[in-house]
Amino acid sequence: MAKKHVAVLMGGFSSERPVSLASGAPCADALEAEGYRVTRIDVTREVSDVLAALRPDVAFNALHGPFGEDGTIQGILEYLAIPYTHSGVLASALAMDKELAKVVASAAGIPVAKSLVASRFDILGEHPMDPPYVVKPVAEGSSFGVVIVREGQSHPPQVLGSSEWRYGDRVMVERYVHGRELTCAVMGEEVLGVCEIVPVGHAFYDYDSKYVPGGSKHECPAKISPNIYQKIETLSLKAHKAIGCRGVSRSDFRFDDRSGDGDLVWLEINTQPGMTPTSLVPDIAAHAGLGFGELLSWMVEDASCSR
């Protein structure tokens, strides 16, 4: 029986275009190696016409950032009745908005850091909360626009008022949580495992740490106590279900283990985890005994509409 025709959607026009291209290319190659017929699509605003003419069996969504992760491309695929990977319209839109995602997660009993949302211009004059804190765009990924304000810093980050700022006017100000960066992948109803991210030569897990080879080290499985490991797995699956995710997702946490049981907080959920050679989910899946091609094949076979 012939395998499905898969259109791999990549590129696009968000600030995360390079990440998407770096994810899409190895996915397309691996799916071809698994026997699928693959068409690579560098997404433009004419993507609906391209897909309507192509009529693939499945759209593999390797887009990142606005349009690709926020429910927009998902809505186009629903309209065209083309089954697609990852989460649907509502879950994608909800997870992309860090403020709303935290509201839903908190209501589900998931611990989150204290935060507020404001216009970037309104917080230029004085600290919106006592340092240390983190300022991040409400609806961006890949750590674009993330600024850490350290203790003793005399004023908020002035980059927020710059004309070169291109991440939107609404920003989240979040209490900085000291400690370790941990992440957990979920595939359908199954938790794949927890990984610790150790940035190499960087203050935090920024863009270069994510995508430049050698920018970070992945400890899979994370070397943490069994009870914290299990708690992260439980909270990740809970977040996946509460937000309504489908396919593969990845929840990020900070864990401060300096005293007692430590301070564990959920930061966000990623409905379109990166699939580059340095990405986390392929590493976590590999340690769970799932090869890259197997992981992608599962995602293709899991694809549907009305997600």
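The values are calculated or read from the model by the stated rules, or taken from the named source; none is laboratory data. Just so we're clear, the structure is a prediction, and the values are computed from it rather than from any experiment. As a convention, Cβ positions derive from the backbone with ideal geometry for all residues, glycine included, and neighbour counts pool all protein chains shown. Keep in mind that these areas ignore ligands, DNA and RNA; they rest on the heavy atoms of the full protein, side chains included. Shrake-Rupley method; radii C 1.70, N 1.55, O 1.52, S 1.80 Å.
Tabulated data
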{"quantity": "Phi-based couplings in Hz for segment 15-20 (Karplus 6.51, -1.76, 1.60; Gly and Pro marked x)", "calculated": "5, 9, 3, x, 5, 5"}
{"quantity": "Net dipole in debye of the chain [+1 Lys, Arg Cβ; -1 Asp, Glu Cβ; about Cα centre; nearest 20]", "calculated": "180"}
{"quantity": "23 Å Cα-Cα threshold exceeded, pairs from K98/K223; K114/K223; K114/K238; K98/K238; K102/K231; K102/K238", "calculated": "K98/K223; K114/K223"}
{"quantity": "Average accessible area per residue (Å²) across the chain - probe 1.4 Å, nucleic acids and ligands excluded", "calculated": "42"}
{"quantity": "Where labels lie 7 Å past Cα in the beta-carbon direction, separation of V200 and S162 in nm", "calculated": "2.7"}
{"quantity": "In Hz, Karplus ³J(HN,Hα) per residue of segment 42-47 (6.51, -1.76, 1.60; θ = phi - 60°; x = Gly, Pro)", "calculated": "7, 5, 10, 6, 9, 4"}
{"quantity": "Probe 1.4 Å - accessible area at H127, Å² to nearest ten", "calculated": "50"}
{"quantity": "Sequence of E174, E268, E294 when ordered by accessible area, the most exposed leading, probe 1.4 angstrom", "calculated": "E294, E268, E174"}
{"quantity": "Accessible surface of D252 - all protein chains present, 1.4 Å probe, nearest 10 Å²", "calculated": "20"}
{"quantity": "Alpha carbon convex hull of segment 34-108, volume per residue in cubic angstrom", "calculated": "106"}
{"quantity": "Largest-first ordering by accessible area, 1.4 Å probe, given options L237, L77", "calculated": "L237, L77"}
{"quantity": "Dmax and Rg, reported as Rg then Dmax, of segment 49-168 (C-alpha, Å)", "calculated": "18.2, 58"}
{"quantity": "Portion, in percent, of the accessible area of the chain that falls on carbon or sulfur, probe 1.4 Å", "calculated": "52"}
{"quantity": "Loop-located GluC sites (Glu not before Pro) in segment 1-104 whose Cβ has at most 15 other Cβ within 10 Å (DSSP)", "calculated": "E46"}
{"quantity": "Those Cys residues of the chain for which no other cysteine Cβ falls under 4.7 Å", "calculated": "C27, C184, C245, C305"}
{"quantity": "Under 11 Å, Cβ to Cβ, from I82 - net charge with Lys/Arg +1 and Asp/Glu -1", "calculated": "-1"}
{"quantity": "q = 0.11, 0.14 Å⁻¹: log10 I(q)/I(0) that the Debye formula gives for the chain, counting C-alpha atoms only", "calculated": "-0.65, -1.06"}
{"quantity": "Degrees, to the nearest 10: 98-107 long Cα axis against longest axis of the chain", "calculated": "80"}
{"quantity": "Rough spin-label spacing in nm, given labels placed 7 Å along Cα→Cβ, for T72 and T44", "calculated": "1.6"}
{"quantity": "Order of exposure, largest accessible area first, which applies to K4, K98, K223, K231 with probe 1.4 Å", "calculated": "K223, K231, K4, K98"}
{"quantity": "Sequence-distant residues sharing a close amide H with V194 (under 5 Å, placed H)", "calculated": "A222"}
{"quantity": "Average Cα contact separation per residue, the chain, under 8 Å, 6 or more apart, as relative contact order %", "calculated": "21"}
{"quantity": "Neighbourhood net charge (9 Å Cβ-Cβ; Lys/Arg +1, Asp/Glu -1) for R254", "calculated": "-3"}
{"quantity": "Segment 67-89 and segment 254-307: distance between their alpha carbon centers, rounded to Å", "calculated": "20"}
{"quantity": "Modelled FRET efficiency - R0 30 Å, S154 with K114, Cβ distances, 0.05 increments", "calculated": "0.85"}
